[in-house]
Amino acid sequence: MCFGPSKAERQAAAEQRAEAEAAKQEAIKEKAEQKREDISDALTQRAQSRYGRGGRGRRSLFRAGGSGFLGRFG
């Protein structure tokens, strides 16, 4: 053992490092996906609480309380 680790030991250590790195990358990927879902949910909740049930895109131009199409041109 004066000459350092054997070729088999180095190869085993390299495989273990590769497996650990793969596991780490998978954990990072899962955490990022969860964050993406959490942010999407938070934005949806914010839009619903601010603009009502359907969010901003569901407002009608014809019934916008005088500021829509009919209020300007009707």
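The values are calculated or read from the model by the stated rules, or taken from the named source; none is laboratory data. As the structure is a prediction and not an experimental result, all values here were calculated from the model. Ideal geometry is used to build each Cβ from the backbone, glycine not excepted, and the neighbour counts take in all protein chains shown.
Quick one: is residue 50 surrounded by 10 or more Cβ atoms within 10 Å (Cβ to Cβ) and either modelled with pLDDT of 80 or more or outside any loop (DSSP other than H, G, I, E, B) (or both)? First the steps, then the outcome.
Details: surrounded by 10 or more Cβ atoms within 10 Å (Cβ to Cβ): no; either modelled with pLDDT of 80 or more or outside any loop (DSSP other than H, G, I, E, B) (or both): yes.
No.
Would you mind finding the one in 42, 8, 14, 18 that is loosely packed, with under 10 Cβ neighbours inside 10 Å, hydrophobic (A, V, I, L, M, F, W, C) and at pLDDT 80 or above? Write out each step before concluding.
Numbers: 42 fails: loosely packed, with under 10 Cβ neighbours inside 10 Å; 14 fails: loosely packed, with under 10 Cβ neighbours inside 10 Å; 18 fails: loosely packed, with under 10 Cβ neighbours inside 10 Å.
Of 42, 8, 14, 18, the one residue that is loosely packed, with under 10 Cβ neighbours inside 10 Å, hydrophobic (A, V, I, L, M, F, W, C) and at pLDDT 80 or above is 8.
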